Amino acid sequence: MRTAYSVETVRTAERELMARLPEGALMQRAAAGLAAVCAQLLGRVYGSRVVLLVGSGDNGGDALYAGARLARRGAGVTAVLLAPERTHPGGLDALRRAGGTLVREAAAAEGPIRRADLVVDGIVGIGGKGGLRPDAAPLADLARESRAAVVAVDLPSGIDADTGEVRGAAVRADLTVTFGTHKPGLLVDPAREYAGSVRLVDIGLSLPGEAAELEALQHADVAALLPVPGAESDKYRRGVVGIAAGSARYPGAAVLAVAGALRGGAGAVRYVGPAGDAVIARFPETLVSDQGPKRAGRVQAWVVGPGAGEDADAVEAVLKSDVPVLVDADGLRLADREVVRARRAPTLLTPHAGEAAALLGVSREEVEGARLASVRELAGRYGATVLLKGSTTLVADSGGGAVRVNPTGTSWLATAGSGDVLSGLTGSLLAAGLGALDAGSAGAYLHGLAGRFAADGAPVGAHDVADAIRMAWRDIMS
């Protein structure tokens, strides 16, 4: 499992480690790792042109020491000093002795940046807040417009390390070399988009697992969660998921939710709603009822809301059940918050940014700009687990703890009906016995991986994603 820690936790771990190491040793470790990644990216170091954008903090020191290492290997290294009087003295001296060139006026940096093969962003460290200062923002623009590869030190300058928010100008990196651990801003959009590829360099930090802000499941983690039937399993032991979805206007939502559910590991799927004929025509193994959720028969979990229109009665009936419930789409609008909060069985809400914005009473842009804060706020307000869909899918539990960030997916998943498939899939995992946080995390992981397999670089429909879930499942379990 990949984890990310807050700035405060990282700083504490750094202080504890520095107390046990010779002075400057920790920075040298970081610089050595940074230089090695830069050399690998350049391919041929000798004769290459490297520009360092150097701020006043330790990030600037890391960049200077790494630049000195590259200079000793024959690179032409130019350091642009944004705060000459506060530049890290040891790093500055090391670069001078290695033959590096210093530029003390940002205005004189345009030529070197445009000719550079590599630009290293050491402007602001993980403690920076807000966007870049006016004197630094033009340098970030120049780096982006140049032909150079841009490498960020620890994180791109201008992004918020703890939240993933970008409140102003920021460096757009091709690659970020981060030290000790991932920071939340490297895994959550919009900041994640600025980080490019992320390379983690181990510098020996000791970090407490329970203090992690974010967790990103990997194949092995998901494999340990997915239900596998035993020799004595029957359809009821494997779990039965109920789907209350679809309407005369949106029968396809019911079909897609059932498609996801049938591939999610439960033993049987019960469908309740007005789209029974469409569901049976596509999936004859579905148990169909038109008597409403209360008379549907035994289920271990419910999915309610996809394409439901104004069917508030179904939403109310499902929320009053004593089994886990996933609420999506129209169900989110129709669900009474106090009823959700009063539930004793687990509840999982699965909004996209627009739906989350409506529930929070803010604009969609606010949710998309502060995804981590938004998912936590929504989970707290509803006393439920929340899966916030989007470019970065996040899963937060109402009880706090680390938020799960989904590492799979593709932009091709932004297609009609994709969320209905995810709801059915995740509801099936709930019925199979997974808790809401694990079901949401594993469902998002499978769905994202299935989207990759189905798309393979081309447009994809929601039914293609459903069909690829089995492929994703096999890949995870192999």
Within the range 230-242, can one find any residue that is part of a loop (DSSP other than H, G, I, E, B) and either under 19 Å from the mean Cα position of the chain (by Cα) or modelled with pLDDT of 95 or more (or both)? no
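Give the residue, chosen from A195, A211, A94, A152, that is under 20 Å from the mean Cα position of the chain (by Cα) and within 15 Å of A63 (Cα to Cα).
Details: A195 fails: within 15 Å of A63 (Cα to Cα); A211 fails: within 15 Å of A63 (Cα to Cα); A94 fails: under 20 Å from the mean Cα position of the chain (by Cα).
From the options A195, A211, A94, A152, the qualifying one is A152.
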Scan (1) open to solvent by less than 10 Å² (accessible area, probe 1.4 Å); (2) closer than 25 Å to K129 by Cα; (3) touching a helix residue (DSSP H, G or I) at 6+ places or on another chain (Cβ under 6 Å) for the single condition A83 breaks and write down its number. (3)
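Filter the range 366-395 down to the residues that are outside any helix (DSSP H, G or I) and surrounded by fewer than 22 Cβ atoms within 10 Å (Cβ to Cβ) and list them by number. Break it down into steps so the answer makes sense when it comes.
Within the range 366-395, the subset outside any helix (DSSP H, G or I) is 370, 383-395.
Hits for the range 366-395 are A370, G383, G390, S391.
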Is it the case that L139 is in contact with a strand residue (DSSP E or B) (Cβ under 8 Å, 6 or more places away or on another chain), over 25 Å from A109 (Cβ atoms), touching a residue at least 12 places away in the same chain (Cβ under 8 Å) and surrounded by 19 or more Cβ atoms within 10 Å (Cβ to Cβ)? no
Answer yes if at least one residue in the range 114-128 is closer than 21 Å to V77 by Cα, part of a helix (DSSP H, G or I) and either touching a strand residue (DSSP E or B) at 6+ places or on another chain (Cβ under 9 Å) or not hydrophobic (A, V, I, L, M, F, W, C) (or both), and no otherwise. yes
Scan of the range 133-150 for residues that are under 14 Å from V54 (Cβ atoms) and in a loop (DSSP other than H, G, I, E, B), ordered by number: R133, D135, A136
Could you tell me whether R333 is in contact (Cβ under 8 Å) with a residue 12 or more places away in the chain, among the basic types (K, R), within 21 Å of G417 (Cβ to Cβ) and not in a loop (DSSP other than H, G, I, E, B)? yes
Taking A19 as the residue in question, decide whether it is open to solvent by 30 Å² or more (accessible area, probe 1.4 Å) and over 30 Å from H219 (Cα atoms). yes
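Say whether the condition of being outside any helix (DSSP H, G or I) and out of contact with any strand residue (DSSP E or B) (no Cβ under 7 Å at 6 or more places or on another chain) is met by at least one residue in the range 62-79. Let's see the steps before the verdict.
First pass over the range 62-79, keeping only residues outside any helix (DSSP H, G or I): 73-79.
Then keep just the ones that are out of contact with any strand residue (DSSP E or B) (no Cβ under 7 Å at 6 or more places or on another chain); that gives 73-74.
Yes, the range 62-79 contains a residue that is outside any helix (DSSP H, G or I) and out of contact with any strand residue (DSSP E or B) (no Cβ under 7 Å at 6 or more places or on another chain).
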Name the pairs whose Cβ atoms lie under 8 Å apart, with the first residue in the range 11-39 and touching a residue at least 40 places away in the same chain (Cβ under 8 Å), the second among the hydrophobic types (A, V, I, L, M, F, W, C) and open to solvent by 30 Å² or more (accessible area, probe 1.4 Å), and 6 or more positions between them or separate chains? A13/L207; L26/M18
Any hit, the range 432-447, residues being over 26 Å from P184 (Cα atoms) and touching a residue at least 12 places away in the same chain (Cβ under 8 Å): yes
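This table checks each residue for (1) in a helix (DSSP H, G or I); (2) at pLDDT 95 or above; (3) open to solvent by 10 Å² or more (accessible area, probe 1.4 Å); (4) among the β-branched types (V, I, T).
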site: G419; (1), (2), (3), (4): yes, yes, yes, no
site: S423; (1), (2), (3), (4): yes, yes, no, no
site: T426; (1), (2), (3), (4): yes, yes, no, yes
site: L434; (1), (2), (3), (4): no, yes, yes, no
site: G440; (1), (2), (3), (4): yes, yes, no, no
site: L446; (1), (2), (3), (4): yes, yes, no, no
site: F453; (1), (2), (3), (4): yes, yes, yes, no
A308 - would you say it is outside any loop (DSSP other than H, G, I, E, B) and either open to solvent by less than 50 Å² (accessible area, probe 1.4 Å) or in contact (Cβ under 8 Å) with a residue 60 or more places away in the chain (or both)? no
Kindly indicate whether G457 is at positive phi, touching a residue at least 60 places away in the same chain (Cβ under 8 Å) and open to solvent by 40 Å² or more (accessible area, probe 1.4 Å). no
Taking the condition under 21 Å from R376 (Cβ atoms), out of contact with any Lys or Arg (no Cβ under 7 Å at 6 or more places or on another chain) and not in a loop (DSSP other than H, G, I, E, B), does R192 pass? yes
Inside the range 334-361, can you point out the residues that are more than 21 Å from A444 (Cα to Cα) and open to solvent by less than 10 Å² (accessible area, probe 1.4 Å)? V340
Being within 28 Å of A143 (Cα to Cα), of a type in the set (A, V, I, L, M, F, W, C) and open to solvent by 10 Å² or more (accessible area, probe 1.4 Å): is that true of L34 here? no
Among the residues of the range 243-298, which ones are closer than 16 Å to A329 by Cα, open to solvent by 20 Å² or more (accessible area, probe 1.4 Å) and not in a loop (DSSP other than H, G, I, E, B)? P251, G252, V255, L256
Scanning the range 155-172 residue by residue, those out of contact with any Leu (no Cβ under 8 Å at 6 or more places or on another chain), open to solvent by 10 Å² or more (accessible area, probe 1.4 Å) and closer than 18 Å to V54 by Cα turn out to be R172
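The values are calculated or read from the model by the stated rules, or taken from the named source; none is laboratory data. Computed from a predicted model, the values in this text were never measured in an experiment. Glycine also receives a Cβ, built like all others from the backbone with ideal geometry; neighbour counts cover every protein chain displayed. Areas reflect the complete protein model, heavy atoms only, side chains present, ligands, DNA and RNA absent. Shrake-Rupley method; radii C 1.70, N 1.55, O 1.52, S 1.80 Å.
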